[in-house]
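Derivation of every value follows stated rules applied to the coordinates shown; laboratory data play no part. None of these values were measured; they are calculated from a predicted model. A quick note on method: Cβ atoms are made from the backbone with ideal geometry, for glycine too, and the neighbour counts reach across all protein chains shown.
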Amino acid sequence: LIMQYYIVMLLGDSAVGKTCVLVRFKDGAFLGGNFIATVGIDFRVSDKGYRLLKIWDTAGQERFRSVTHAYYRDAQALLLLYDITNKPSFDNIRAWLTEIHDYAQKDVVIMLLGNKSDLAAERVVKTEEGEKLAKEYGVPFMETSAKTGVNVELAFHAIARELKHRA
Ligand code: GDP
Ligand code: MG
């Protein structure tokens, strides 16, 4: 029996919450407080329902970029994250999309996530700005919170559903 799975990659600047979103989806928990440094590439497998997802967690740091590039071509889906309380992380989304265009599969499924939606008082990126950017690139968009869990499951479900449609 060959287990079929899709490879989903988490991308975005350092500290936007990639690891926390993955932990929230996988374990239903939030590892608050401490910054969990992801070195290079880490992965977790999820077999919740539908289809097996092999989720690659990446480090956004420049020095790991070349490592990450090598994995782009194997990914069927990309979750691209920014932090709604961090403007540079949002401004860098265009650069990430350029990189995706250069390195990923042509038909890769992409979803844009504005994370840390629980931090309403510290918000510097409006929901409409995320929506506008997503629309410009023709990708679905959601605001998530790894802390409260809002939309995290939904985002992975949407990705899994999209992958199923394309299969
Ligand atoms: P990564 O570098 O993109 O993997 O980011 P991490 O997952 O390590 O998270 C970076 C920091 O942001 C940590 O201190 C987390 O506790 C915090 N964090 C991540 N997601 C959220 C969220 O949804 N809400 C809040 N309030 N903090 C978050
Ligand atoms: Mg990380």
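One table, with the values for the structure above:
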| quantity | calculated |
| --- | --- |
| Members of LYS18/LYS54; LYS54/LYS126; LYS54/LYS135 lying beyond 25 Å, as alpha-carbon distances in this model show | LYS54/LYS126; LYS54/LYS135 |
| Calculated from backbone phi, Karplus (6.51, -1.76, 1.60) coupling profile of the stretch 112-117 in Hz, x at Gly/Pro | 9, 10, x, 8, 6, 5 |
| Relative contact order computed over the stretch 53-167 (Cα-Cα under 8 Å; 6+ residues apart), in percent | 26 |
| Within-13-Å neighbourhood charge of PRO88 [Cβ basis; K, R +1; D, E -1] | -1 |
| Estimated inter-spin distance, HIS165 and GLU136, nm [label 7 Å along Cα→Cβ] | 2.4 |
